[in-house]
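Have a look at the structure below before the remarks.
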Amino acid sequence: MSMRVFLPADSAASRVDAIAGHGAKVELIDGSYDDAVKVAGAAARAQGHWYCPDTVGLDATEEERTFARNVMAGYGTLFEEFLRQLAGVPDFLFVQAGVGGLSAAGVSVVRQASAATRVVVVEPQGSDAIARSLATGLPTAVPDVPTVMACLRCQSVSAVAWPILVAGVDAVVLVTDDEAATAVRALARADIVAGASGAAGLAGVLMACADNSLRSQIGIAPDSRIAVVNTEGATDPAGYEAIIGRRN
């Protein structure tokens with residue numbers, strides 16, 4: 001079975017090589033993540049291939065929606081295992097978001113365990129589709145803005161994640177590239193290797209705790225138990241080393 005993966009042309013070469021190393025043919029397109037998703041869908045339909053999306057728009061077929069839901073279910077396993085390892089449910093879950101599949105999975109699993117846990121979504125400042133969508137009450141697309149948090153550089157919310165996010169997200173925190181880099185270095189000091197996208201959840205926690213107004217708005221207390229999840233290693237080694245090499 002052959003696989004074709006579509007990525008924006010400015011994707012890190014190390015990530016392209018890693019995907020190709022699993023046997024996939026990587027095709028780079030000029031444009032954003034959303035553009036790559038559209039090209040992949042169009043190519044699959046034109047050639048009769050199986051389309052495997054992790055995000056879908058409102059015009060998606062039921063088969064496409066089912067696959068995206070299955071991806072979210074896979075993410076849910078991560079949170080189920082995570083909560084089993086904790087001594088009780090946390091007061092807060094800070095979880096990074098791109099199109100919202102991961103964060104929606106976190107919401108679904110946490111809500112089954114606790115109605116009291118507050119879920120905070122963390123997005124890059126320039127890729128804040130979830131924040132804008134929640135503010136307007138409707139899925140809202142945003143421009144493509146480069147960020148060191150490459151895996152979160154998305155322009156729209158997944159249609160299957162959106163209803164879950166609307167019902168279960170308590171707050172959204174936006175972080176800068178510098179704040180994400182600070183979180184990467186903080187994790188490195190704890191011997192945890194995390195790329196900028198993976199460290200974004202912690203970046204949101206550090207930002208919220210350092211801002212008195214935001215901390216109060218979210219409801220974080222001195223004894224609050226806050227959970228974050230790292231979803232990425234050093235998938236861009238050069239970028240990771242550049243961040244680690246900078247002073248905190």
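Here are the numbers for the structure shown:
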quantity	calculated
Cα-based equivalent ellipsoid, the range 145-248: semi-axes from gyration tensor eigenvalues, Å	23, 19, 12
Surface/4 estimate of mean projected area, convex hull on alpha-carbon atoms of the range 121-205, nm²	5.4
Share of carbon and sulfur in the accessible heavy-atom surface of the chain [1.4 Å probe, %]	55
Scaled radius of gyration (Cα, divided by 2.2 N^0.38 Å) that the range 4-56 gives	1.09
Value at 222 nm in deg cm²/dmol, rounded to 500, when DSSP H runs of n ≥ 4 in the chain each add -39,500 (n - 2.57)	-14000 deg cm²/dmol
Positive-pole candidate from TYR33, ALA115, ALA12, dipole of the range 1-152, charges at beta carbon	ALA115
Using θ = phi - 60° and Karplus 6.51 cos²θ - 1.76 cosθ + 1.60, couplings along the range 194-211 (whole Hz; Gly, Pro as x)	9, x, 4, 5, x, 8, 4, x, 5, 4, x, 5, 4, 5, 5, 6, 8, 10
For VAL122, distant residues with modelled amide H under 5 Å away	VAL95, GLN96, ALA97, VAL173
³J(HN,Hα) computed for each position of the range 142-147 - Karplus, 6.51 cos²θ - 1.76 cosθ + 1.60, integer Hz, glycine/proline x	10, x, 8, 10, x, 8
Accessible solvent surface per residue of the chain, calculated while the other protein chains remain in place, 1.4 angstrom probe, Å²	49
Long-range HN-HN contacts of THR235 with modeled amide H, under 5 Å	GLY195
Rounded if a/c under 1.5, otherwise prolate or oblate - the range 74-122, Cα gyration tensor axes	oblate
Nearest-20 debye value, the chain charge dipole, Cβ charges on Lys, Arg, Asp, Glu	360
Normalised per residue, the volume of the convex hull around the Cα set of the range 31-90 (Å³)	114
Neighbour cut-off at most 13 other Cβ (10 Å), DSSP loop, trypsin sites (Lys or Arg not before Pro), the range 21-56	none
Alpha carbon Rg of the range 161-207, scaled by the compact-globule rule 2.2 N^0.38 Å	1.32
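The values are calculated or read from the model by the stated rules, or taken from the named source; none is laboratory data. Owing to the predicted nature of the structure, the values given are computational and were not obtained by experimental measurement. Glycine also receives a Cβ, built like all others from the backbone with ideal geometry; neighbour counts cover every protein chain displayed. Ligands, DNA and RNA are stripped out before the accessible areas are found, and what is left, the full protein with its side chains, is counted by its heavy atoms. Shrake-Rupley method; radii C 1.70, N 1.55, O 1.52, S 1.80 Å.
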